[in-house]
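The values are calculated or read from the model by the stated rules, or taken from the named source; none is laboratory data. Remember, predicted model here, so these are calculated numbers, not experimental data. All Cβ positions, even for glycine, are placed from backbone atoms using ideal geometry, and neighbour counts span all protein chains on display. Note: accessible area is taken over every heavy atom of the protein model, side chains too, but ligands, DNA and RNA are not part of it. Shrake-Rupley method; radii C 1.70, N 1.55, O 1.52, S 1.80 Å.
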Amino acid sequence: MSRTGLWDSHAHLDDDWFDEDREELIAQLKLDLEGVVNPGCDGASSAKAVALAEQNDFIYAAVGYHPENLKDIPANYLDQLAAWAVHPKVVAIGEIGLDYYWKENEPKEVQKKIFLEQVDLAKQFDLPIIIHDRDAHGDMLEIFQKEVTGVQAVFHCFAGSLEMAKELAKRGYYFGFGGTSTYKNANKVREVMKYIPKDLLLFETDSPYLSPVPFRGKRNNPGYVEYTAKNAVEVLGMDFAELAEITAANTKRLFKKIK
């Protein structure tokens, strides 16, 4: 049992921001956390995520192409992901989804096509998917209402409306909450956190991004998931140890290859 009993269900330990102190940080995380899920965002980062999972028993990988990284995507990218999908430490396809915030991203229809191709791959290998949804809530909800079946999902760093959350929760999808849930102006995020069933709640950091209060503006790391959990304890009026146990169980239920 780790010091906190918590999982970080979404962290990018492969990111260049960790190059100078990755080994030291991982040694500390092994004491503080039950585990970390590290999603890839393209071929190179997915390969790094798998390597980190191979080297550290408490780190697991996901593989996929993020919507910001679809330019010049290899023609055989699905074969590449399929080869990783059978790896015992690869627990999901992700981070995948839609991002309409950055205008330089590929057109919406291209994003949707590649997203759905990766969803289909996840179904083939009976893996869940890790969803990135930025400024695309309407299209994302419509896709899940009309086109996505037979695959489990977590909506990473959920930022949609309560109405969207209700529709997704009805279908049994999971919700990831990270540093943004601690921000003063994030009342909508906390409203969703209060509403959803506790068995659909995951904690995450999205390290090295989106650090929680009191580290906002600084590099995030998976250890800071403790601050998100402490904030959730206040929001939900729950005991820390109980919430850690619930969210750890949720993480292992969603990512069922975790031993």
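What the table shows:
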{"read-out": "Pair list, Cβ under 6 Å, 6 or more apart: the range 38-59 residue over 13 Å from Ile26 (Cβ atoms) and at pLDDT 95 or above, other residue in a helix (DSSP H, G or I) and among the aliphatic types (A, V, I, L, M)", "value": "Gly40/Ala49"}
{"read-out": "Number of the condition not met by Phe115 [criteria: (1) buried (at least 24 other Cβ atoms within 10 Å of the Cβ); (2) within 18 Å of Lys259 (Cα to Cα)]", "value": "(2)"}
{"read-out": "Residue in the range 81-88 that is in a helix (DSSP H, G or I), open to solvent by 40 Å² or more (accessible area, probe 1.4 Å), more than 22 Å from Asp135 (Cα to Cα) and in contact with a strand residue (DSSP E or B) (Cβ under 8 Å, 6 or more places away or on another chain) present", "value": "yes"}
{"read-out": "Residue ranges of helices (runs of 4 or more DSSP H) in the range 118-204 with at least 1 members open to solvent by less than 30 Å² (accessible area, probe 1.4 Å) and within 19 Å of His66 (Cα to Cα)", "value": "137-146"}
{"read-out": "Within the range 5-15, considering residues that are buried (at least 21 other Cβ atoms within 10 Å of the Cβ) and touching a residue at least 40 places away in the same chain (Cβ under 8 Å), the one farthest from Ile93 (Cα to Cα)", "value": "Leu6"}
{"read-out": "All positions within the range 16-50 that are open to solvent by 30 Å² or more (accessible area, probe 1.4 Å) and within 25 Å of Ala83 (Cα to Cα)", "value": "Asp16, Asp42, Ala44, Ala47, Lys48"}
{"read-out": "Yes/no for Glu104 being more than 30 Å from Leu6 (Cβ to Cβ), open to solvent by 60 Å² or more (accessible area, probe 1.4 Å) and in a helix (DSSP H, G or I)", "value": "no"}
{"read-out": "Test for Tyr209: is it open to solvent by 30 Å² or more (accessible area, probe 1.4 Å), among the hydroxyl-bearing types (Ser, Thr, Tyr) and not in a helix (DSSP H, G or I)", "value": "yes"}
{"read-out": "Filtered residue count, the range 6-29, keeping only those that are under 18 Å from the mean Cα position of the chain (by Cα) and in a loop (DSSP other than H, G, I, E, B)", "value": "7"}
